[in-house]
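The values are calculated or read from the model by the stated rules, or taken from the named source; none is laboratory data. Fair warning: this is a prediction, and the values are worked out from it, not measured in the lab. Cβ placement follows ideal geometry from the backbone for every residue including glycine, while neighbour counts extend to all protein chains displayed. In case anyone asks, the SASA skips ligands and DNA or RNA and just uses the protein heavy atoms, side chains included. Shrake-Rupley method; radii C 1.70, N 1.55, O 1.52, S 1.80 Å.
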Amino acid sequence: MTVPSPSPSPSPADSSAPPLLETREVGKVFGSVIALRGVSMVLHAGEVTCVLGDNGAGKSTLIKILAGVHAHDGGEYLVDGSPVRLGGPREALDRGIATVYQDLAMIPLMSVWRNFFLGSEPVTGPLRRFDVARAKRVAREELRDMGIDIRDVDQPVGTLSGGERQSVAIARAVHFGARALILDEPTSALGVKQAGVVLRYIARARDRGLGVVFITHNPHHAYPVGDRFLVLNRGTSLGQFAKADITREELTSLMAGGAELDHLAHELGRAAADTTPGPASAGPGTT
């Protein structure tokens with residue numbers, strides 16, 4: 001298969017506004033282990049950049065750099081066109097960069113509205129008491145504005161489906177001012193129907209003007225919502241592609257290692273042919 005050429009990083013002339021997030025030849029080393037080397041990507045407002053790769057490709061390291069958990073060792077990390085070195089996740093949040101991890105940071109026995117404001121509870125009065133009525137109202141309105149149909153915000157989060165819990169986490173990040181939303185494998189443990197629910201909410205967040213970084217190992221989930229695709233392999237980039245420059249089949253082959261798979265298929269086909277029994281030998285006394 002012919003691999004398409006990666007799209008060049010857009011220059012300032014390509015857009016009136018700088019990208020929300022951009023990395024240029026970013027690297028990260030842990031002792032003697034090179035976790036990430038020379039990775040460049042870009043995220044614009046109102047777009048979804050999908051980061052794909054198998055286990056150990058470097059996806060988690062990249063998003064932790066974007067989220068301020070790790071500082072990069074090489075290259076540049078730019079927010080709104082300015083180089084930054086984030087001091088931690090709180091600084092990333094202050095800049096409008098929100099990350100939704102696979103564990104969602106939710107407490108299953110707490111209600112939807114309580115989880116929605118976990119750690120950022122609204123208060124009222126001189127004694128600064130938790131404003132329960134406001135929290136319920138805002139949680140209900142924000143979920144409705146995102147097109148999320150939760151039957152009752154008083155129900156425990158643990159009673160929601162996996163897709164519904166992901167959608168609550170996305171709506172929470174949007175409410176608290178996220179401009180760039182980083183989603184860590186949100187569809188990995190979901191069935192087909194629930195994965196479709198999450199993909200719809202990703203599209204809605206994009207349509208509201210957010211930039212979304214969608215981490216996944218499934219190109220069939222990435223391709224319908226993605227505008228750009230960054231493919232990682234063992235800590236290095238295989239290229240960033242605009243949707244117009246690559247098909248889903250090419251993306252799947254590139255991520256899975258098309259040449260290796262073709263060679264493996266050839267070997268397996270030959271092995272199967274070698275083990276196919278031939279015609280039965282004629283027995284004694286047969287004519």
Point to revise | Spherically averaged projected area of region 159-222 from its Cα convex hull (nm²) | key: 4.2
Practice item. Scan region 17-99 for trypsin sites (Lys or Arg not before Pro) in coil per DSSP, keeping those whose Cβ has at most 12 other Cβ atoms within 10 Å, and list them by number. Key: ARG85
Practice item. Enumerate the whole-percent occupancy of each 10 Å bin, from 0 to the last occupied one, for all C-alpha pair distances of region 43-91. Key: 23, 50, 26, 0
Point to revise | Viscosity 1.567 mPa s, temperature 4 °C, Stokes-Einstein D of region 3-135 from Kirkwood C-alpha radius, µm²/s | key: 74
Check your understanding: Could you list log10 I(q)/I(0) for the chain at q = 0.12, 0.13 Å⁻¹, which the Debye formula gives when each Cα is one point scatterer?
Key -> -0.80, -0.92
Point to revise | Cα-based convex hull volume of region 115-259 per residue, rounded to whole Å³ | key: 136
Exercise for review: Obtain the nm distance between the two label points defined at GLU249 and ARG128 by a simple spin-label model: each point lies 7 Å from its Cα along the Cα-to-C-beta direction.
Suggested key: 6.2
Point to revise | Within the accessible area of region 77-120 (1.4 Å probe), percent carbon and sulfur | key: 55
Review point. Expressed in nm to one decimal, what extension gain is obtained for the pair ALA203 and GLU267 from 0.36 nm per residue of sequence separation less their Cα-Cα distance?
Key: 18.9 nm
Point to revise | D (Stokes-Einstein, µm²/s), Kirkwood Cα radius, region 185-250, 1.306 mPa s at 10 °C | key: 125
Study note, to complete from the structure: At 20 °C and 1.002 mPa s, the Stokes-Einstein diffusion coefficient in µm²/s for region 81-180, with hydrodynamic radius from the Kirkwood sum on alpha carbon pairs, is 148
Exercise for review: Using the heavy atoms of the protein chains and a 1.4 angstrom probe, tell me the accessible area per residue for the chain in square angstrom.
Suggested key: 51
Practice item. For ALA242 and ASP94, calculate 0.36 nm times their separation in residues minus their Cα-Cα distance, and state this gained length in nm to one decimal. Key: 50.3 nm
**Study point:** Net length gained if the chain between ASP80 and VAL29 were fully extended (0.36 nm per residue, minus Cα distance)
**Key:** 15.8 nm
Point to revise | region 133-179: trypsin sites (Lys or Arg not before Pro) in DSSP coil with no more than 16 other Cβ atoms inside 10 Å | key: ARG151
